[in-house]
Amino acid sequence: MRLQKVTSLPPQAERVWQVSIHPTLPLVATASSDKTARVISMQTYNSLSIIEGGHKRSIRSVAWKPGLTGESVLCTGSFDATIGIWRRYEHDLDASNSQGGDEEEEEWRFALVLDGHESEVKSVAWSAGGNFLATCSRDKTVWIWEEIDEDNFETLEVMQEHTQDVKCVTWHPEEVLLASSSYDNTIRLYREGSEDWVCCSLLEGHLATVWTVEFEKPASPGYREEWGSRLVSSSDDLSVKVWTRVSRSGSTAEARKAPPSILRGESIEENWIETSTLPRVHTRAIYKVSWSSKSGRIVSCGGDGRIVVYEEVSAPDTEMVENDERKPPKTEWRVVAEIEGAHSVFEVNCVQWSKRWDKDAKGENDEVIVSCGDDGVVSVWELASS
């Protein structure tokens with residue numbers, strides 16, 4: 001297979017740090033060094049809105065709030081150490097889309113600013129239910145916020161487990177389980193304890209900065225209930241790793257049951273083990289990985305300008321242990337497509353899988369990859385037969 005470019009949007013004035021795919025609508029949002037976030041149609045690839053005026057420095061991260069109807073809410077995290085909450089009615093977005101992409105940024109309302117971080121905000125993420133928001137920063141902290149009612153957020157916890165800059169936060173697609181990755185080479189997971197949020201697991205294995213983490217979605221073809229939850233991470237050590245949750249005995253038999261309950265007196269400590277290291281392709285830091293819920297493939301990008309797509313190979317039989325429990329298999333992955341110089345000579349900062357919405361879409365399971373880079377360009381790619 002090969003990666004084939006579908007389109008590239010006109011370059012923005014400065015680098016684009018991140019793209020975020022809307023959970024239900026044909027929209028993608030961008031975070032840029034020019035202090036703006038842009039909303040782009042995934043049907044026409046036209047720019048619909050420029051969101052500006054809320055931050056004094058680069059917008060580093062953007063995230064759509066899930067589970068809404070009639071309105072879209074976008075969260076922005078900035079190097080000015082603040083988080084912005086923006087609101088816009090969906091019919092306005094639809095109207096802009098049908099008109100071919102007139103930019104009507106005044107329709108976005110800057111509803112709220114959240115502050116508290118002492119340094120640059122690096123990542124923002126909503127929980128699957130949309131009631132929790134996680135943010136992380138160069139100040140080494142992870143903040144967990146709860147939206148009490150519209151435009152009213154309460155700080156639930158400030159986690160100070162990491163010893164260095166925190167690069168990424170992400171939520172489990174079904175559980176209230178948060179993961180973070182850091183310059184301290186580790187991944188940490190958090191749950192709500194009896195009184196406070198606590199770190200329930202420490203994942204060590206990378207030898208340098210862990211730039212990003214992402215959970216596998218249960219809808220993924222590679223998802224196996226008997227294996228338990230998995231997540232993927234990428235690092236400055238040029239590796240992409242897959243981790244699987246197991247019980248303390250090392251099996252997935254217990255780990256795949258309902259999440260632990262403080263009310264039942266159960267420990268919330270979790271055991272995650274490294275089960276795969278993907279083929280080494282990148283020659284510089286791997287900034288982002290994205291795990292497709294449609295194909296089960298993983299895509300990565302990084303400082304070497306490459307975009308690489310991996311596919312999971314049929315797993316060997318799971319290892320039988322005492323009590324007929326099973327250890328998760330150490331599955332193998334292979335590279336199915338890669339492209340060098342995806343954004344010319346520039347670094348590729350982010351890649352995300354997206355449902356395909358344009359006129360060439362071949363069905364509900366058709367998907368594309370959206371990328372962005374230091375060249376200020378957002379590009380869309382498809383996997384084509386060689």
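With the requirement that a residue be of a type in the set (S, T, N, Q) and crowded, with 19+ Cβ neighbours inside 10 Å, what does segment 59-82 give you?
Across segment 59-82, the qualifying residues are Ser61, Ser72, Thr76, Ser78, Thr82.
For segment 354-379, which positions are open to solvent by less than 50 Å² (accessible area, probe 1.4 Å) and either of a type in the set (Gly, Ala, Ser) or in contact with a Lys or Arg (Cβ under 7 Å, 6 or more places away or on another chain) (or both)?
Listed by number, the residues that qualify are Ser354, Ala361, Gly363, Asp366, Glu367, Val368, Ser371, Gly373, Asp374, Gly376, Ser379.
So which of Glu107, Glu154, Glu174, Glu150 ends up being within 19 Å of Ala81 (Cα to Cα) and either of a type in the set (Lys, Arg) or out of contact with any Cys (no Cβ under 9 Å at 6 or more places or on another chain) (or both)?
Only one candidate passes the filter, namely Glu154.
Could you tell me whether segment 167-184 includes any residue that is of a type in the set (Asp, Glu), over 16 Å from the mean Cα position of the chain (by Cα) and closer than 19 Å to Ser78 by Cβ? Steps first, answer last, please.
Going residue by residue through segment 167-184, those that are of a type in the set (Asp, Glu) are 174-175, 184.
After this cut, where a residue has to be over 16 Å from the mean Cα position of the chain (by Cα) as well, the list is 184.
Adding the requirement that they be closer than 19 Å to Ser78 by Cβ leaves none.
Within segment 167-184 (the criterion being of a type in the set (Asp, Glu), over 16 Å from the mean Cα position of the chain (by Cα) and closer than 19 Å to Ser78 by Cβ), the answer is no, since none of the residues qualifies.
Keeping to segment 209-264, report how many residues are at pLDDT below 70 and not in a loop (DSSP other than H, G, I, E, B).
Within segment 209-264, residues that are at pLDDT below 70 and not in a loop (DSSP other than H, G, I, E, B) number 7.
Just one of (1) open to solvent by 30 Å² or more (accessible area, probe 1.4 Å); (2) at pLDDT 95 or above; (3) part of a loop (DSSP other than H, G, I, E, B) trips up His117, so point out which.
So the condition that His117 fails would be (1).
Within segment 359-386, can you find the residues that are over 19 Å from Ser295 (Cβ atoms), in contact with a strand residue (DSSP E or B) (Cβ under 9 Å, 6 or more places away or on another chain) and assigned to a loop (DSSP other than H, G, I, E, B)?
Matches in segment 359-386: Asp374, Asp375, Gly376, Val377.
From the set of residues in segment 204-216 that are crowded, with 19+ Cβ neighbours inside 10 Å and more than 12 Å from His162 (Cβ to Cβ), which is farthest from the chain's Cα centre (by Cα)?
By that ranking, first place goes to His206.
For every residue, the table says whether it meets (1) within 16 Å of Gly77 (Cα to Cα); (2) open to solvent by 10 Å² or more (accessible area, probe 1.4 Å); (3) assigned to a loop (DSSP other than H, G, I, E, B); (4) touching a strand residue (DSSP E or B) at 6+ places or on another chain (Cβ under 9 Å).
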site: Pro23; (1), (2), (3), (4): no, yes, yes, yes
site: Thr30; (1), (2), (3), (4): yes, no, no, yes
site: Asp34; (1), (2), (3), (4): yes, yes, yes, yes
site: Ile40; (1), (2), (3), (4): no, no, no, yes
site: Tyr45; (1), (2), (3), (4): no, yes, yes, yes
site: Leu48; (1), (2), (3), (4): no, no, no, yes
site: Arg57; (1), (2), (3), (4): yes, yes, yes, yes
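Filter segment 160-191 down to residues that are open to solvent by 10 Å² or more (accessible area, probe 1.4 Å) and in a strand (DSSP E or B) and give me whichever is farthest from Trp211 (Cα to Cα).
Arg191
Going through Gly296, Gly303 one at a time, which residue ends up being on the phi > 0 side of the Ramachandran plot and either open to solvent by 20 Å² or more (accessible area, probe 1.4 Å) or at pLDDT 55 or above (or both)?
Gly296
The values are calculated or read from the model by the stated rules, or taken from the named source; none is laboratory data. On a predicted model such as this, the values are computed, not experimentally measured, just so you know. Note that each Cβ is placed from the backbone with ideal geometry, even for glycine, and that neighbours are counted across all protein chains shown. Heads up: the accessible areas ignore ligands, DNA and RNA and are worked out on the full protein's heavy atoms, side chains in. Shrake-Rupley method; radii C 1.70, N 1.55, O 1.52, S 1.80 Å.
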